[in-house]
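A short write-up of the structure that comes next.
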Amino acid sequence: MGVLEREHVLASLAEYAASARTGDGRLVLVSGEAGVGKSTLVEEFARVTPEAQWAWGACDGLFTPRPLGPLFDIADQLGDPVRAACHRGAGRDELFDLLRRGLAESAGLTVLVIEDIHWADESTLDLVRFLGRRVRDLTVLIILTYRDDELPAEHLLRLVLGELATLRSTRRVDVAPLSEPAVHLLAAGCGIDSERLYRLTGGNPFFVTEVLGAASGEIPPSARDAVRARLTRLSSAARRAAEVAALIGGHVEPALLSAVTGPAADDLDELIGAGLLISDVAGLRFRHEISRLTVERDLPAHRRQPVHAALLAALCAAGCEDDARLAYHAEGAEDAAAVLRFAPAAAARATALGAHREASAQYERALRFADSHDPAALARLYDQLVQETALTDNWGRAAEAGERALELWRQIGDTHREGATMCQLSRTMWRLCRPESRQYAEQAVAALEPLGPSPELAWAYATAAKVIMEDRATDRGRTLAGQAQQLATELDLPAVLSDALNTEACLVSGLGGEWQPLMERALDVAVTAGAQDQAGRAYGNMWVLLADHGQFIECDKYLEEGTQYADEHDLGTYGFCLRAGRAALSLMQGQWDQAIEVARPLLVSRVSSPANWTMLALTVGRALARRGDRDAWSYLDEALTNSANSGDNAWLLDAYPAHAEAHWLEGDLDAAHADLAVAVSRVDAASPATAGSVAVWCRRLGMSVPDVTLADDDPAALLLGGDYAAAATEWDGLGMPYEAALAFYDSGTDTGLREAIRRFEALGATAGVEAARREMRRLGMRAVPAGARASTRAHPLRLTRRESEVLELICAGRTNAEISEQLFISGRTVDHHVSSVLSKLNVPSRTVAAAEATRLGLVTAQRN
């Protein structure tokens, strides 16, 4: 294929390399569909840049990868000390730092290539983040290739790409399919209709090449058929070698292939000559993953199993230390003993390197072969799976695994392990918004106390304190937290100590005491001890308490630090939580566009626990409700359902007032009163900040104001005392403009309501404007401001603002799924909006709608 139509991309890479040579490093994201030629492009750039030091790594989609596999590839090429550290099993932080120092000390330009990062494990993505933040001061060019055509919405890489895009050193290169003239040029002299070829392949270079390489002279129905056509022309020995190579993976070691197939030199020559395999710096590889997948998937199961067994034997004989690779072949060979040997070992190494998703996958692999395993060993596997799935926010699976482990421990009669598993289940059920959380916590304490001091009892005390904290049962909660701290100190359990300090800090904050030193100590203990789960929890609770006290500058600092910590340690639960916290903080500060922008990738993913999702849904629901967008209800209703299912006071005291506010904004006071009455019934369990908010909303809606104790510096106290201007000034000082606008609304004066309208308009709170106008009319005031003109009335076809956005995207050729992702609304909501648009335009289809909208001038001139 050469570099046909790739000259401009190569020129861009050369420009980025020139910048890197001056110490202004670059990270280049090379994207494109499968088969478009990303690897060919990078190989051509390497050919024309021979003076650089090149190091290549690749992610493999064949099996659950060894964490940091690309780093191990790169280390072997860069040499010591990184290579030595990899081989002695150094920790991830040490490996990252050694690589950074090695790159900083290298002379001349170094080019690091990591291919196929859509298959990267979490630790490799953390490495990418790590290098991306530091490359700008290095003489290094980092090239990352990935597929952008098969990346699901919930893929972690999407989040990583969003973070990298904000860095000054990041550049993007999109590799496009070939044009029709280019395809025509390639097909010249082949006797194939180039126009038909272009229509069939879409200009994808791999498909074009495979079709042109088919011996029949006819265009096969798919490129995979072309791969099969090539295979049929091979000798039986070469086909056998191709099958074994396909199961070896993305990179094929000739020695390993020969160990399974016998002497393979002639077979390899035949495979290379047929264009299936190519030689590169690491050995051999399939010319394209589509080729390997075709061969691998066509291999019948009865022939695949003995190949896996032979590969496993050959790897073990060669002293392979990659437990993940060995576990993959052990499973393929259906060798239960080998799976139970290698998969847990691979999981343990993945955990040590912070790749918790890979660890979960390995424990799942082991459990598929553990039915006849010793019950205690089986229970331990389930317990380990609970820990890993919890850290990746897969709480549903954590609950299933925890309940199975508990059943096994009870059968065995091991009360200590039974109590420990109940503690895990208590925290899991809290994340799932299920009421069994408290039951498991209390049962754990009851089971373990009679057995005397133990690590399990320390965790039981800490867990029960946490659960009780949510109900604001302060005295017993502090007692349990104190007992946990005492045992943790005696038994040297830093994770328990951090957890109990964290809980005590939350309880002390609710009493108006000095909570911050306790939380800072909880965070320091966790980080120092490497207790990642507890460090994540400390960051999560720190920002919440700082926000409750209006300390937004410090809050922002801990959100930033916490998110980076969660990302670097693959803590999916806390990464989601802290990003949702960033969105919530932006909402508080009146930065609603920013709140929704932060929320967008999280909303699309829908991979979080109900507890994390509830926080995000409340934030987005409030923002949309204040803008008069009825999409708000899908989020607020789900948040309320989760909160009600949990029975957790903290959630209910957030969800019901949010629901009440949305009803009030729409003018439905009866529904608002009903929602707020539920919150009032639970206000005794609220924190001072939450209690103040509930009391203010009761006054705003004309309900009896509950007797609550407020913090001295809470502006709610000024508002409830009738000093609305002072309350507004205080909220302005805290950077909370929506609350300040509401304070002017609450004044009930002509001047105050007009000021509220002005402020609502500035925030884009169209529903707030309407609420203020309704109040002015109710009070009999004259010359009620018209307010901002409703977009629906302004539109010639009476499309709502959301329908106008959907129409824009229809005209841009977006599918319903793409519209759902871009506008962060559900697929069902998109269907509803599309139907409404077609009805209002009086057209039968999306295509006709786009043409009619263009004719009427209803869409912007430029679209992406």
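The values are calculated or read from the model by the stated rules, or taken from the named source; none is laboratory data. Here the structure is a predicted model, which is why all the values come from computation and not from measurement. Cβ placement follows ideal geometry from the backbone for every residue including glycine, while neighbour counts extend to all protein chains displayed. For the accessible areas, the whole protein counts, side chains as well, though only heavy atoms, and no ligand, DNA or RNA atoms are used. Shrake-Rupley method; radii C 1.70, N 1.55, O 1.52, S 1.80 Å.
General observations
- Farthest toward positive dipole pole in segment 489-611 [+1 Lys/Arg, -1 Asp/Glu at C-beta], among GLY550, ALA583, ALA535: ALA583
- Reduced Cα scattering model of segment 301-425, Debye log10 I(q)/I(0), q = 0.15, 0.19 Å⁻¹: -0.70, -0.99
- Short to long, the 5 Å bins of the Cα pair-distance histogram for segment 460-501 hold 6, 32, 34, 17, 8, 2 percent of all pairs.
- These residues, GLU331, GLU490, GLU321, go from largest to smallest accessible area, 1.4 Å probe, as GLU321, GLU490, GLU331.
- Mean projection of the Cα convex hull over all viewing directions, computed for segment 577-685: 6.5 nm².
- Principal-axis tilt of helix 69-78 within the chain, Cα atoms, nearest 10 degrees: 60 degrees
- The heavy atoms of THR479 offer some 80 square angstrom of accessible surface to a 1.4 angstrom probe.
- Taking all C-alpha pairs of segment 259-341, those more than 21 Å from each other amount to 40 percent.
- Projected label distance in nm at GLU490 and THR815, using a 7 Å step from Cα toward the beta-carbon: 6.1 nm
- The ARG777 and ARG801 beta-carbon pair, evaluated with R₀ = 30 Å, returns a calculated FRET efficiency of approximately 0.80.
- The dipole here belongs to segment 22-86: it is taken about the Cα centre, uses +1 on the Cβ of Lys and Arg and -1 on the Cβ of Asp and Glu, and is about 100 debye.
- Note on HIS302 and ASP269: the extension gain reaches 9.1 nm, defined as 0.36 nm multiplied by sequence separation minus the Cα-Cα distance.
- Anisotropy class assigned to segment 500-572 is oblate, per the alpha carbon gyration tensor with a/c at or over the 1.5 cut-off and a/b no larger than b/c.
- Accessible surface of THR766 - all protein chains present, 1.4 Å probe, nearest 10 Å²: 70 Å²
- The share of accessible area on the chain that comes from carbon and sulfur is 50 percent, using a 1.4 angstrom probe.
- For segment 465-615, pairs of C-alpha atoms spaced more than 24 angstrom apart make up 33 percent of the total.
- Taking every C-alpha pair closer than 8 Å and separated by at least 6 residues, the mean separation divided by the residue count of segment 156-211 gives a relative contact order of 29 percent.
- Relative contact order, whole percent, for the chain stands at 7, derived from Cα pairs under 8 Å and 6 or more residues apart.
- Placed amide H near VAL28: partners under 5 Å, 5+ positions off or other chain: ILE142, ILE143, LEU144, ARG171
- Once the Kirkwood radius over Cα pairs is known for the chain, the Stokes-Einstein relation at 37 °C and 0.692 mPa s delivers a diffusion coefficient of 108 µm²/s.
- Debye equation applied to the C-alpha atoms of segment 118-215, log10 I(q)/I(0) at 0.11 Å⁻¹: -0.52
- Of HIS663, HIS302, the residue with the largest accessible area leads and the full order is HIS302, HIS663 (1.4 Å probe).
- Accessible area per residue was computed with a 1.4 Å probe on protein heavy atoms; GLU561 scores about 70 Å².
- Summarising the overall dimensions of segment 422-481 from its C-alpha atoms, the Rg and Dmax are 10.7, 31 angstrom.
- Ellipsoid semi-axes in whole angstrom, largest first, where each is sqrt(5λ) of the Cα gyration tensor of segment 265-306: 21, 12, 10
- Cα-based Rg of segment 696-792 normalised by 2.2 N^0.38 Å, two decimals: 1.09
- Magnitude of the charge dipole for the chain, about its Cα centre and with charges confined to Cβ atoms of Lys, Arg (+1) and Asp, Glu (-1), is about 2160 debye.
- The residues of segment 458-583 expose, per residue, 34 Å² of accessible area to a 1.4 Å probe.
- The helix-only estimate of mean residue ellipticity at 222 nm for the chain, built from DSSP H runs of length n ≥ 4 each weighted as -39500 (n - 2.57), is -21000 deg cm²/dmol after division by the residue total.
- The relative contact order of segment 481-588, computed from alpha carbon pairs under 8 Å that lie at least 6 residues apart in sequence, is 20 percent.
- Between ARG88 and ALA317, the simple spin-label model (points 7 angstrom out along Cα→Cβ) gives 3.3 nm.
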